[in-house]
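Written out below as structure tokens is the structure these notes cover.
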Amino acid sequence: MKKSWLLVCFINFFVAATMGLLLRLMYLIPISGINYQFLVHGHSHVALLGWTYLAISCLIIHYFLPKTSQEKPVFTRLFWTTEIAIVGMMVDFPIQGYAVISIFFSTLHIFCSYFFAYLVWRETKNTHSADKALLDSALLFMLFSTLGVWCLGPAVGLMGKASAFYQIAIQFFLHFQFNGWFLFAIVALLLKISNNKIDKNYFNWFHYSFILGTLLTFSLPVSWYLPHPALYYINSIGVCFLYAALYFFIKMHSKSIGTYFSSTSTIEKNMYRIAFFSLVLKILLQGIVLNPELSDKIHLIRPFVIGYIHLSMLGILTFFIFGFLSKSRFLDWNITMNKWGIGFLVIGFCATEGLLLVQGISQFLQNGSFAFYPQLLFTLSVFLPVGLLSIAITYYLHQIKPS
């Protein structure tokens, strides 16, 4: 992986975190000239595509492709074309929201992702392993998720943005990006990096349960806009498959994970602990909303929704990514600024998640907001961009040769 690629990922993440900080500042003081909803679009697209998508893509190239393939100019051209699309969304979404220019760059990114999937499949076609099977599933989910994007135009034209069709199309994209493409890719990378033999039977049960659970749990967001008892039953079956997938994952990989962890630093272990804890918590939370009335009420409470999204984006995906980067020595935690940076990131994540949980419970119990909630949330959120900036600067100044 080229030094400039990872640096760009860190910069995108810092910009997304700064946008998020500005969104929380707007709860405290009015800022003229900035449309809150447009800025939300910019923040979410840069975080989703500029950080998570780009970082995972770079890791896939680094770990799954032969060295000779990684050095092909096509991957450099694709990376920078993808980054141009991200910068276009970064600039235009906060200004215009969904408009001609931002839609153009979003479409460009989709076609870049299609080409990326084709290149990875082409360069790894002769590889047959458990981690490759998961990677194939991840790429298929990535392609599958974009069906939701292509439905947005017809949804607006036929029924409008307030329609159930439009909202379900958005949820389709988000569900299969987060729970399909990103999560399957993370697990594929974990199996690849840990590099230990696994029980094939347990893996097959895990893989199929994971796929079925991901597909069936899409019924939950659908039920928010088209309530029907059958959707809740389908979601319940999907959650059971996810619980089964978690069980089979532990059974097939417990020994190799232990071996893998034994060779990691304390900071690296803690990042994996946060990531694994967040993943288990996410799956458990999906079980909590099996009650239809509870599910309908919770998804309308904004702190719960934001907290759940950040649990996936920061808790699971980001800390796994940092763990992978550490394992391959892209990041050196012996450097003081890196230690401060990851410390700030952990503090910012844990503190804001805790605060969002407390505020969500308060609203659920109809007690309203507690004193100084917006001020506290903004203050604690400062840790996130500060930590990321520290890591980005340290990486630029002290980048070391990866293993």
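The values are calculated or read from the model by the stated rules, or taken from the named source; none is laboratory data. All values reported here derive from a predicted model rather than from experimental measurement. Please note: Cβ atoms are built from the backbone with ideal geometry, for glycine as well, and neighbour counts cover all protein chains shown.
Among the residues of segment 171-184, none qualifies, meaning not one is buried (at least 17 other Cβ atoms within 10 Å of the Cβ), of a type outside the set (S, T, N, Q), modelled with pLDDT under 85 and part of a helix (DSSP H, G or I). Listed by position, the helices (runs of 4 or more DSSP H) contained in segment 331-403 that have at least 1 residues being aromatic (Phe, Trp, Tyr) and over 20 Å from residue 307 (Cα atoms) are 336-364, 383-398. The helices (runs of 4 or more DSSP H) falling completely within segment 13-90 that include 2 or more residues that are of a type outside the set (Ser, Thr, Tyr) and surrounded by 22 or more Cβ atoms within 10 Å (Cβ to Cβ) map to 36-45, 54-64. Which residue pairs have Cβ atoms closer than 9 Å, lie 6 or more positions apart in sequence or on different chains, and pair a first residue in segment 171-198 that is farther than 20 Å from residue 109 by Cα with a second residue that is part of a loop (DSSP other than H, G, I, E, B) and of a type in the set (A, V, I, L, M, F, W, C)? Partner pairs satisfying both residue conditions: 191/198.
Considering 68, 124, 76, which residue is polar (S, T, N, Q), touching a Leu at 6+ places or on another chain (Cβ under 7 Å) and at pLDDT below 95? Spell out how you get there, then give the answer.
Values: 68 fails: touching a Leu at 6+ places or on another chain (Cβ under 7 Å); 76 fails: touching a Leu at 6+ places or on another chain (Cβ under 7 Å).
Checking each option against the conditions leaves just 124.
On the basis of being buried (at least 20 other Cβ atoms within 10 Å of the Cβ), at pLDDT below 90 and not polar (S, T, N, Q), does residue 130 make the cut? Taking the combined requirement at face value, the residue satisfies it. Consider segment 296-313. How many of its residues are surrounded by fewer than 20 Cβ atoms within 10 Å (Cβ to Cβ) and more than 15 Å from the chain's Cα centre (by Cα)? So the count comes out to 7.
When residue 294 is tested against (1) within 23 Å of residue 382 (Cβ to Cβ); (2) free of Cβ contacts under 8 Å to residues at least 24 places away in the same chain, only condition (1) is not met. Scanning segment 197-254 for residues that are among the charged types (D, E, K, R) and in a helix (DSSP H, G or I), which turns out surrounded by the most Cβ atoms within 10 Å (Cβ to Cβ)? Taking the candidates together, the pick is 251.
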